[in-house]
Amino acid sequence: MIIISVIQLLSLHLYPQNSKFMNGLLAICRKTEQNETEFRALINKGLDTLSHRGSGNRCIRLLDADMHDSRNAISGLGSCSPLSDGNIPQSASGDRILFDGRLLNKAKLCPCLGLSPETATDAEVALQVLHRHKAEGFAMLQGYWSIIYLDAAENNIYAARDHFGARTLCYCDDGNTFALATESRTLYKLFDSVRSVNRTTVIDFLLWGNIGSLDQYFFNDIHSIEPSYYIKYNVRTGHSSVAKYYTLPYAHENTGFKASAEKEYLRRTRELIAESVRANLQVIDGTPAIGVSGGMDSSALICTAREIDPQRTIVAYTTTDKYDGGEVNWAEKVVRHTGVEWIKVVCTAEDIVQKLSEANRVHNVPLYNASSLAQFRIMEEIQKQGQTVFIDGQGGDEMLGGYPAYFPLHLQALRKRGNLTGWLHELSNVANSGLTAKELFVRRLKLIGKALYYNPQRLAQSKRRDEYNALTIDGYFTQASPITHLNKVKVLNDALSNSYTVFLGNILRWGEYSAASKGLECIMPLSDYLPLTEYIFSIPSVYKIHDGWNKYLLRKSMVGLVPDEICRRRQKMGFYIPEQNWLNEMGNAMLSSITQLEDPEGCINRKYILDNWKRLYNPQNPLYQRFIFRCYSYLLWINGL
């Protein structure tokens, strides 16, 4: 007997009735019989783990293995519908779809499907596309979404995430149960068979602080569906397979900088950013909130939004602190320029101690630094102010070359490709990158050292000796890297492609999970608009970093729209937090927790930490202080599962 259950959690109070927006997905397919009472209890237990994503109506509908409605709960399909009567989009042939997110190209798709853009929901459009094209249809759905599609004719379940991972979707398959959920914690809570912790991931997190390179779900048997991938599961055979539905093309050529080409690149970049912001604003209601730091990404988005709709109320949020105010002075320049409302959100060390357990729970993983907690605080304030949409600038660094590490990679690529003129030009303008010639030299030496002398274990024993000694490593260094599909960096676009298609999806979830935990919808115009992304990646690398400026293309295209001081700002802060001050204040609280909390995987050498606390935990050893924070965060997380 086959049992299928699909459940959705939604928030009707947040979105218009006709939007049918769903805030979380859960699907279960079982091969063993189960009575209705037990089955419904399992469904509700799963929904309980997603309830923090916004209160909403729960509906359960059961279907048999052929996707037909059935009141017999021993075999069936269950769903939480966006409508109060529990209906979900269904085709004439019995196909069904569970959809979380927004389509940004619905108006273009509808005429081809015989649907009205004014009346058809995003879910109904996606259903028709997938009914006609099956897995090939995922590439046609532009926007931010996660989807579970049930093909009644072939008894297949398809599940996918959007092109670049603005929405998450996890799965597990223990041979008896195949399940999908928006969050990994749901699957962990429901099934004993998938609770095995991946100790290698834990050590990787604690030792290096890696968070963007892996999906970081910390379990051996719970996996993330990667961006641009889908999984297909056949209900009859129990066979599953994973495949890619989209590959981002990009410019490989090593061309020189041409002023004649620059003009068109700048014009079209600014035009497409405006298109993306407009498309995102059109699908949401109410007053949008945006985190403003005074950096290029958030400044470009808020200035563009103000230009597109001068009458729309927009509220800017900036984190601040009791030390130096953080990015407030820079953010104020943008706020004054746009005339938007502005709310400053104070975050303290006490906030971190009080809220870290909750933040870890809603993120499904331990926070690796306090930056995400500061963002979590912003979401709390937005919810308090009654807004329902948050605009996030994530994706700009990965697409346009914003991180300082890209500059030496660009220099290296220019040199290796024989473009010595370009190499000398960029090197002479190194100050614009926020780096110095000395810092570049040191970075180069480190790269050479890693290539010629240091393997990971030697690097840990030499450069992170105290962190290494404070852990019980046990076979960690014998494990092969799970990242096997990175492009070899020959031009800057190779590195940007790696960042945007492999790592970005693991970063986007921090904003989305924080927002969803407070009943907010998180939109990301620099990550969810395919025409913009494809165009930027079609532009040669030399236009991403030029004259020493990271994000040259964005800076130059925004001249006249974003304040000149922001466009010429050399300092790259990212999401600024006074981390060092917080860690200095949190030491005693973290030590107390590390001493008292259980370490079920035995990863942390508490004796070493306690014996060497006074010697090692101090402002002169910031890497070790951050390591202690990760230990603290991890223990809070694993004890709160």
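The values are calculated or read from the model by the stated rules, or taken from the named source; none is laboratory data. Treat the numbers as computed from the prediction; the structure is a model and nothing was measured. Neighbour counts run over all protein chains shown; Cβ positions are idealised from the backbone, glycine included. Surface accessibility is based on the protein's heavy atoms, side chains included, excluding ligands, DNA and RNA. Shrake-Rupley method; radii C 1.70, N 1.55, O 1.52, S 1.80 Å.
Would you please list the contacts, defined by Cβ atoms under 7 Å and residues six or more apart or on different chains, that run from a residue in segment 224-252 that is among the charged types (D, E, K, R) to a residue that is assigned to a strand (DSSP E or B)?
Lys232/Asn156; Lys232/Tyr158; Lys232/Ser240; Lys232/Ser241; Lys244/Tyr229
List pairs: first in segment 278-296 and farther than 10 Å from Glu521 by Cβ and without any contact (Cβ under 8 Å) to a residue 24 or more places away in the chain, second open to solvent by 10 Å² or more (accessible area, probe 1.4 Å) and in a loop (DSSP other than H, G, I, E, B), Cβ under 9 Å, 6+ apart or cross-chain?
Sorted first by the residue in segment 278-296, then by its partner, the pairs are Gln282/Leu104.
Just to be sure I understand, how many residues within segment 446-476 are open to solvent by 90 Å² or more (accessible area, probe 1.4 Å) and farther than 21 Å from Pro622 by Cα?
So the count comes out to 4.
Residues in segment 230-238: is at least one of a type in the set (Ser, Thr, Tyr), in contact with a helix residue (DSSP H, G or I) (Cβ under 8 Å, 6 or more places away or on another chain) and in a loop (DSSP other than H, G, I, E, B)?
No.
Could you say whether any residue in segment 208-226 is of a type in the set (Gly, Ala, Ser), under 26 Å from Leu635 (Cα atoms) and open to solvent by 50 Å² or more (accessible area, probe 1.4 Å)?
The answer is no; no qualifying residue exists.
Of all residues being among the β-branched types (Val, Ile, Thr) and part of a loop (DSSP other than H, G, I, E, B) in segment 477-508, which is most open to solvent (accessible area, probe 1.4 Å)? Just the residue, please.
Taking the candidates together, the pick is Thr484.
Within segment 576-591, track down each residue that is touching a strand residue (DSSP E or B) at 6+ places or on another chain (Cβ under 8 Å) and not hydroxyl-bearing (Ser, Thr, Tyr).
Within segment 576-591, just Ile577 meets the criteria.
Quick check: is even one residue across segment 40-59 in contact with a Pro (Cβ under 8 Å, 6 or more places away or on another chain), among the β-branched types (Val, Ile, Thr) and modelled with pLDDT of 80 or more?
Looking for residues that are in contact with a Pro (Cβ under 8 Å, 6 or more places away or on another chain), among the β-branched types (Val, Ile, Thr) and modelled with pLDDT of 80 or more, one finds none in segment 40-59, hence no.
Quick one: would you say Asp192 is in contact with a helix residue (DSSP H, G or I) (Cβ under 6 Å, 6 or more places away or on another chain) and surrounded by fewer than 20 Cβ atoms within 10 Å (Cβ to Cβ)?
no
Considering only segment 100-197, give the strands (runs of 3 or more DSSP E) lying wholly within it that have at least 3 residues that are within 20 Å of Tyr233 (Cβ to Cβ) and touching a residue at least 60 places away in the same chain (Cβ under 8 Å).
143-151, 156-161, 177-181
I'd like the residue in segment 590-609 that is more than 29 Å from the chain's Cα centre (by Cα) and in a helix (DSSP H, G or I) and, out of all such residues, is surrounded by the most Cβ atoms within 10 Å (Cβ to Cβ).
Here the answer is Ile609.
Quick one: Gly393 ticks every box in (1) surrounded by fewer than 14 Cβ atoms within 10 Å (Cβ to Cβ); (2) in contact with a helix residue (DSSP H, G or I) (Cβ under 7 Å, 6 or more places away or on another chain); (3) not in a helix (DSSP H, G or I) bar one, so which box is it?
(1)
Got a sec? Which of Arg568, Arg626 is closer than 18 Å to Ile211 by Cβ and surrounded by fewer than 19 Cβ atoms within 10 Å (Cβ to Cβ)?
Arg626
From Glu585, Glu521, grab the single residue that is buried (at least 23 other Cβ atoms within 10 Å of the Cβ), within 30 Å of Glu350 (Cα to Cα) and of a type in the set (D, E, K, R).
Glu521
Name the one entry in Glu398, Glu380 that is surrounded by fewer than 24 Cβ atoms within 10 Å (Cβ to Cβ) and not aromatic (Phe, Trp, Tyr).
Every option except Glu380 fails the conditions.
Keeping to segment 421-446, report how many residues are in contact with a helix residue (DSSP H, G or I) (Cβ under 8 Å, 6 or more places away or on another chain), part of a helix (DSSP H, G or I) and either farther than 25 Å from Asn254 by Cβ or without any contact (Cβ under 8 Å) to a residue 40 or more places away in the chain (or both).
Of the residues in segment 421-446, 6 are in contact with a helix residue (DSSP H, G or I) (Cβ under 8 Å, 6 or more places away or on another chain), part of a helix (DSSP H, G or I) and either farther than 25 Å from Asn254 by Cβ or without any contact (Cβ under 8 Å) to a residue 40 or more places away in the chain (or both).
Scan segment 144-154 and give yes if some residue there is farther than 29 Å from Pro249 by Cβ, surrounded by fewer than 24 Cβ atoms within 10 Å (Cβ to Cβ) and touching a Ser or Thr at 6+ places or on another chain (Cβ under 8 Å), otherwise no.
Within segment 144-154, one or more residues are farther than 29 Å from Pro249 by Cβ, surrounded by fewer than 24 Cβ atoms within 10 Å (Cβ to Cβ) and touching a Ser or Thr at 6+ places or on another chain (Cβ under 8 Å).
Go through (1) closer than 21 Å to Ile231 by Cβ; (2) open to solvent by less than 20 Å² (accessible area, probe 1.4 Å); (3) at pLDDT 95 or above one by one and return the number of the condition Arg132 breaks.
Here Arg132 clears every test but (2).
Going through segment 515-548 one residue at a time, which ones are of a type in the set (D, E, K, R), in a loop (DSSP other than H, G, I, E, B) and on the phi < 0 side of the Ramachandran plot?
Passing the criteria: Lys518, Asp528, Lys544.
Mind counting the residues in segment 310-360 that are more than 25 Å from the chain's Cα centre (by Cα), among the polar types (S, T, N, Q) and within 17 Å of Pro578 (Cβ to Cβ)?
Selection size over segment 310-360: 1.
Under 29 Å from Gln142 (Cβ atoms), open to solvent by less than 40 Å² (accessible area, probe 1.4 Å), modelled with pLDDT under 70 and more than 24 Å from the chain's Cα centre (by Cα): does that describe Ser75?
Here the answer is no, as Ser75 does not meet what is asked.
Go through segment 229-247 residue by residue and tally those that are surrounded by 17 or more Cβ atoms within 10 Å (Cβ to Cβ) and in contact with an Asp or Glu (Cβ under 8 Å, 6 or more places away or on another chain).
Of the residues in segment 229-247, 2 are surrounded by 17 or more Cβ atoms within 10 Å (Cβ to Cβ) and in contact with an Asp or Glu (Cβ under 8 Å, 6 or more places away or on another chain).
Among the residues of segment 314-329, write down those that are open to solvent by 70 Å² or more (accessible area, probe 1.4 Å) and within 21 Å of Met558 (Cβ to Cβ).
Asn329
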